[in-house]
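K.L.:
Before we start, here is the structure in question, set down as structure tokens.
The values are calculated or read from the model by the stated rules, or taken from the named source; none is laboratory data. Only a predicted model underlies this, so the values are computations on that prediction, with no experimental measurement involved. Here Cβ is always computed from backbone atoms with ideal geometry, including for glycine, and neighbour counts include all displayed protein chains.
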């Protein structure tokens with residue numbers, strides 16, 4: 001259940017900070033899906049979400 005909540009929270013963060021995160025390389029990793037439907041761009045950053053979750057987990061273990 002915790003992973004599901006983490007994934008949903010990460011999707012919300014990625015979509016709200018999408019422009020800034022693309023400048024640093026997140027959102028363009030293997031596993032990140034991007035497509036356009038009716039002129040609107042949809043992004044599903046699965047690869048970036050896993051990377052950020054692993055980084056958060058490591059930081060949580062160190063603290």
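K.L.:
Among the residues of the stretch 32-63, which ones are surrounded by 12 or more Cβ atoms within 10 Å (Cβ to Cβ) and in a helix (DSSP H, G or I)?
P.N.:
46, 47, 48, 49, 50, 51, 52, 53, 56
K.L.:
A follow-up question, please. Is it fair to say residue 3 is at pLDDT below 85, surrounded by fewer than 14 Cβ atoms within 10 Å (Cβ to Cβ) and either in a strand (DSSP E or B) or touching a strand residue (DSSP E or B) at 6+ places or on another chain (Cβ under 7 Å) (or both)? If you could, list the steps in order and put the result at the bottom.
P.N.:
Numbers: at pLDDT below 85: yes; surrounded by fewer than 14 Cβ atoms within 10 Å (Cβ to Cβ): yes; either in a strand (DSSP E or B) or touching a strand residue (DSSP E or B) at 6+ places or on another chain (Cβ under 7 Å) (or both): no.
For residue 3, the condition - at pLDDT below 85, surrounded by fewer than 14 Cβ atoms within 10 Å (Cβ to Cβ) and either in a strand (DSSP E or B) or touching a strand residue (DSSP E or B) at 6+ places or on another chain (Cβ under 7 Å) (or both) - is not met.
K.L.:
Where the second residue is assigned to a loop (DSSP other than H, G, I, E, B) and the first is touching a residue at least 24 places away in the same chain (Cβ under 8 Å) and lies in the stretch 3-17, which pairs have Cβ atoms under 8 Å and are six or more apart or on separate chains?
P.N.:
From residues that are touching a residue at least 24 places away in the same chain (Cβ under 8 Å), the pairs are 14/26; 14/27.
K.L.:
Only residues in the stretch 44-63 that are within 16 Å of residue 12 (Cβ to Cβ) count as the first member; pair them with residues that are at pLDDT below 85 and not in a helix (DSSP H, G or I), Cβ under 8 angstrom, at least 6 apart or cross-chain, and list the lot.
P.N.:
Pairs that qualify, where the first residue is within 16 Å of residue 12 (Cβ to Cβ) and the partner is at pLDDT below 85 and not in a helix (DSSP H, G or I), are 45/26; 45/27; 48/26; 48/27; 52/26.
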